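A.B. asks: Take a look at this one; I'll ask things after.
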Amino acid sequence: MILHESEAIVLRTWPLRESDLLVSLLTRDLGKVRGVAKAALKSRKRFGGALEPMTYVHATYAERPRQELVRMDHFEAIASPLAHPIDYLRAATLAYYAEVLENVLPDHDPQDAIFRLTLAVLEQSRVDHCWMPLTYFSLWVTRLIGWLPETDRCTDCGQSLAGEAAYFHALADGLSCARHKKPNSSMLGRDSLELAQRMSRDPIRAMSGEPWTRQSGQDLRRFLVRTLERHTERRLNSADALSRLGG
């Protein structure tokens, strides 16, 4: 048995047996792991309020050879999403982060850049300020996992998209210029293309003081969600909830 201690982010929990929980955890050292937290619903001393999704914790867990599930021993909360007010938009945003990470990351594959990205967007995701970190997270997680196409030129002809709108299709990779757009494509406006370029360059804190509405970067988010869904071959339920809110 190998004992691990690591910074981690709780992604999901499922009821297992009586008071046990199955926990999906994004750890800094070993990537995504799943394990059993025995008597988690009874033991406030070992887990307390540290099992809420998207809680940043110091986790202690044990790995056994040839066993897929680890044994979760103790979590200590470092930062909890419940420390700030929760409304429906913020709850849907946190659920989106968790669902994307759960779907795109393989088990036991450390992804320190994605871990740091998640901490950064969690810090910025407040009740009155969700759309910007949501867009930033979508772009960067797609880029870091290797699924983000070039956003400055047409996939079909290589023409620069500077100052122009682009088009994307739910079943195709990349962006197209007006000449090569496919039937039933959706448009990605030039303002959103410029926003994508800026987000690719600047840290999230550089954008934290700017005014955002749900219309800001709306088409960019939809393009990124379609890209994630196409590669994972899964529908993102939390993205549907955000779409109903106008995002």
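A.B. asks: For GLY209, work out the one condition from (1) surrounded by 15 or more Cβ atoms within 10 Å (Cβ to Cβ); (2) without any contact (Cβ under 8 Å) to a residue 24 or more places away in the chain it doesn't fulfil.
C.D. replies: Of the numbered conditions (1) surrounded by 15 or more Cβ atoms within 10 Å (Cβ to Cβ); (2) without any contact (Cβ under 8 Å) to a residue 24 or more places away in the chain, the odd one out for GLY209 is (1).
A.B. asks: Restricting the search to the stretch 99-110, which residues are touching a strand residue (DSSP E or B) at 6+ places or on another chain (Cβ under 7 Å) and either under 22 Å from ALA241 (Cβ atoms) or in a helix (DSSP H, G or I) (or both)?
C.D. replies: LEU101, GLU102, LEU105
A.B. asks: Suppose we keep only residues that are among the charged types (D, E, K, R) and in contact with a strand residue (DSSP E or B) (Cβ under 6 Å, 6 or more places away or on another chain) within the stretch 44-98. Which one would you say is nearest to TRP131 (Cα to Cα)?
C.D. replies: In this case the residue turns out to be GLU76.
Every residue, every condition in (1) crowded, with 20+ Cβ neighbours inside 10 Å; (2) in a strand (DSSP E or B); (3) touching a Phe, Trp or Tyr at 6+ places or on another chain (Cβ under 6 Å), yes or no:
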| residue | (1), (2), (3) |
| --- | --- |
| HIS4 | no, yes, yes |
| VAL10 | yes, yes, no |
| TRP14 | no, yes, no |
| SER19 | no, no, no |
| VAL23 | yes, yes, no |
| LEU26 | yes, yes, no |
| LYS32 | yes, yes, no |
| GLY35 | yes, yes, yes |
| ALA40 | yes, no, yes |
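A.B. asks: For residues in the stretch 78-89 being in contact with a helix residue (DSSP H, G or I) (Cβ under 9 Å, 6 or more places away or on another chain) and not in a helix (DSSP H, G or I), which is surrounded by the most Cβ atoms within 10 Å (Cβ to Cβ)?
C.D. replies: ALA79
A.B. asks: Let me ask another. Would you pick out the residues in the stretch 28-60 that are in contact (Cβ under 8 Å) with a residue 40 or more places away in the chain and hydroxyl-bearing (Ser, Thr, Tyr)?
C.D. replies: THR55, TYR56, THR60 - these are the residues of the stretch 28-60 that are in contact (Cβ under 8 Å) with a residue 40 or more places away in the chain and hydroxyl-bearing (Ser, Thr, Tyr).
A.B. asks: Moving on. Any idea which of (1) over 22 Å from the mean Cα position of the chain (by Cα); (2) under 27 Å from VAL127 (Cβ atoms) is the one VAL70 doesn't satisfy?
C.D. replies: (2)
A.B. asks: Only one of these conditions is not met by ALA113: (1) out of contact with any helix residue (DSSP H, G or I) (no Cβ under 6 Å at 6 or more places or on another chain); (2) surrounded by fewer than 19 Cβ atoms within 10 Å (Cβ to Cβ); (3) in a helix (DSSP H, G or I). Which number is it?
C.D. replies: Tallying (1) out of contact with any helix residue (DSSP H, G or I) (no Cβ under 6 Å at 6 or more places or on another chain); (2) surrounded by fewer than 19 Cβ atoms within 10 Å (Cβ to Cβ); (3) in a helix (DSSP H, G or I), ALA113 fails exactly one: (1).
A.B. asks: Tally the residues that are out of contact with any His (no Cβ under 8 Å at 6 or more places or on another chain) and at pLDDT 90 or above, restricting the search to the stretch 156-166.
C.D. replies: 7
A.B. asks: Another question, then. Looking at ARG190, ARG143, ARG153, ARG179, can you tell me which residue is of a type in the set (Lys, Arg), closer than 29 Å to TYR88 by Cα and in the same structural domain as LEU101 (by TED's automatic domain parsing)?
C.D. replies: ARG143
A.B. asks: Out of the stretch 186-226, which residues are in a loop (DSSP other than H, G, I, E, B) and of a type in the set (Gly, Ala, Ser)?
C.D. replies: Once the filter is applied, which keeps residues that are in a loop (DSSP other than H, G, I, E, B) and of a type in the set (Gly, Ala, Ser), the stretch 186-226 yields GLY189, SER208, GLY209, SER216, GLY217.
A.B. asks: Please enumerate the residues belonging to the stretch 227-247 that are touching a residue at least 60 places away in the same chain (Cβ under 8 Å) and part of a helix (DSSP H, G or I).
C.D. replies: Selection gives THR227, LEU228, ARG230, HIS231, THR232, ASN237, SER238, ALA239, ALA241, LEU242.
A.B. asks: Between residues in the stretch 90-101 that are crowded, with 23+ Cβ neighbours inside 10 Å and residues that are of a type outside the set (A, V, I, L, M) and not in a helix (DSSP H, G or I), which pairs lie under 6 Å by C-beta distance while being six or more apart or on different chains?
C.D. replies: THR93/SER125; THR93/CYS130
A.B. asks: I would also like to ask the following. Would you say PHE137 is assigned by TED's automatic domain parsing to the domain that holds LEU21 and either buried (at least 21 other Cβ atoms within 10 Å of the Cβ) or within 13 Å of the chain's Cα centre (by Cα) (or both)?
C.D. replies: no
The values are calculated or read from the model by the stated rules, or taken from the named source; none is laboratory data. Computed from a prediction, not measured in an experiment: that's the story for all the values here. Note that each Cβ is placed from the backbone with ideal geometry, even for glycine, and that neighbours are counted across all protein chains shown.
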